[in-house]
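Scroll down for the structure; my scribbles are underneath it.
A short reminder: the numbers here are calculations on the coordinates, not readings from a lab. Being a predicted model, the structure only gives us computed values, none of them experimental. Neighbour counts run over all protein chains shown; Cβ positions are idealised from the backbone, glycine included.
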């Protein structure tokens, strides 16, 4: 979860499962302690199967960053926290014959 001071909103990444797909999803709230105040914005990358484990880095100026993934860690960029136009580039990948050979 991260707080975006400019909007007065908390953003939370979570993994959603609909019975067949695992999807990195996003929700926001002005009061994270009120469970009824969360606005579920849905999957971040709806057509990308098995997306999960995300963290947002908010910047005061310029693009924000989304680090996400499991076997590969990707970095996506956006100037709007609740809209990520593409899945981003691979930042880290598993290494053969190392402790992270399956998941980073």
Extension length gain for residue 63 and residue 100 (0.36 nm per residue less Cα distance), in nm, is 10.4 nm
Please rank 38, 68, 84, fewest neighbouring Cβ atoms within 10 Å first, as an exposure proxy. 38, 84, 68
Return 45, 99, 91 ranked ascending by Cβ neighbour count within 10 Å, so the fewest neighbours appear first. 99, 91, 45
The residues 97, 70, sorted from fewest to most surrounding Cβ atoms within 10 Å, come out as 97, 70
Which of (i) 57, 24, 18; (ii) 41, 34, 21; (iii) 45, 37, 24 is the computed Cα extents along the principal axes in Å? It is (iii)
